[in-house]
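First up is the structure itself, then whatever we jot down about it.
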Amino acid sequence: MKLPKPSLRMLSLLALALFGSGQAATFKPADVSWVQLGLVERPSLLAVPQHCLYTQCALIVVSHPRGQTPERLRHSPQFSRMTETLLQGRFAVLLSSDGGPLNWGSPKALEEVGELHHEALKVFDWNGHTYALGVSMGGLMALRSTLSGSPYSVRGLALIDPWVNLTAAWKSSETRQQELLKAYGQPPSAALNPLTLALAERPIPLWVASSPDDQVVPERQNAALLHSHAAAGYSQVRPLTGPHLGGNRFTPKVASSLLSFFQALEKHAPDDDAGQ
């Protein structure tokens, strides 16, 4: 069952109620109005800054970690810092349900995200640019969305402690094997592995934050293997320390770096060099 689709006018009225009559205001977390999209049983959440209600804006699709949901990301004090920074930077942000908490970036789940993307574009004035941000397990979905045949084009990819290698995920534990079998219907192969597929395509602008200390998602089997897929000029690799999804992934400094990456692509990168 689909949720009712919000109208642009509805969001405009919400923005006016929160921000006033268009005068400049200090951005606060309470100023963010989230709108539910997608399926009732696993809704996604879209936030549109006031700026994007009267000027064209880009969309950032966020793919969540294993076992999490858009609502959990919205309420996370750490991740909210990232979200608020992106909204201040005048990007619309879609916290995607990704087809469920244990989707593992499957092609079937990406089809659902494609429908969400299409629905989100009816809410605000889109400028034609979409970016992907994947966190932990969400790295698989974010990377898959950049591949040929994706239901929408992705102009730049950002990843935090990401899984991108299905083979490594399969070998990591029996629990993950069972989850992958349920998500994919079969053991992973090169034809299903987004890492293998991505490395066969042309490089894209890439921002990656990961740590060699990560014992949950081994950097050498995931993020490090993707570095060669980074397009020259705009890509950034941010080496971090400490455990998986530690607090230093979500500091103001890292959030600012992430925003600068997206802003640089908005300002400079031509479409034909951006992985379209």
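The values are calculated or read from the model by the stated rules, or taken from the named source; none is laboratory data. Computed from a predicted structure; not experimentally measured. Note: ideal-geometry Cβ built from the backbone for every residue, glycine included; neighbour counts use all protein chains shown. Only protein heavy atoms, including side chains, enter the accessible area calculation; ligands, DNA and RNA are left aside. Shrake-Rupley method; radii C 1.70, N 1.55, O 1.52, S 1.80 Å.
Counting only the heavy atoms of the protein chains, how much of Cys57 is accessible to a 1.4 Å probe, in Å² to the nearest 10?
Accessible surface of Cys57 is approximately 0 Å².
Using r as the Cβ-Cβ distance of Arg90 and Gln36, and R0 as 25 Å, what FRET efficiency do you calculate, to the nearest 0.05?
The computed FRET efficiency comes out at 0.65.
Name the residue from Asn248, Phe124, His229 whose Cα lies farthest towards the positive end of the charge dipole of the chain, charges +1 on Cβ of Lys and Arg and -1 on Cβ of Asp and Glu.
About the Cα centre, the residue reaching furthest to the positive side is Asn248.
With every protein chain left in place, what is the accessible area per residue of the chain in square angstrom, probe 1.4 Å?
Computed with neighbouring chains in place, this is 44 Å² per residue.
Can you give me the Kirkwood hydrodynamic radius for the chain, using every pair of distinct Cα atoms, in Å to one decimal?
Taking every pair of different Cα atoms in the chain, averaging 1/r and inverting gives 18.7 Å.
What is the calculated FRET efficiency for Arg220 to Ala191, with r their C-beta to C-beta distance and R₀ = 22 Å, to the nearest 0.05?
0.40
Please compute the length gained on full extension between Ser153 and Asp213, using 0.36 nm multiplied by the number of residues separating them and subtracting their Cα-Cα distance.
Separation in residues times 0.36 nm, less the Cα-Cα distance, equals 18.3 nm.
Whenever you get a sec, compute what percent of the accessible area on the chain sits on carbon and sulfur atoms (1.4 Å probe).
Carbon and sulfur: 53 percent of the exposed surface of the chain.
Cα-based count: Lys pairs in the chain below 23 Å, eight or more positions apart or different chains?
Within the chain, the lysine pair count is 10.
Grab the Cα-Cα distance for Ser256 and His75, subtract it from 0.36 nm times how many residues apart they are, and report the gain in nm with one decimal.
That works out to 63.2 nm of additional length.
Determine the gain in length on full extension of the stretch Ala264-Leu121; use 0.36 nm per residue of separation and subtract their C-alpha separation, reporting nm with one decimal.
Going from the current span to full extension adds 49.3 nm.
Place a point 7 Å from Cα of Gln236 in the direction of its Cβ. Which residues in the range 135-165 have their backbone N less than 12 Å from it?
Of the residues in the range 135-165, 158-159 have backbone N under 12 Å from the label point off Gln236.
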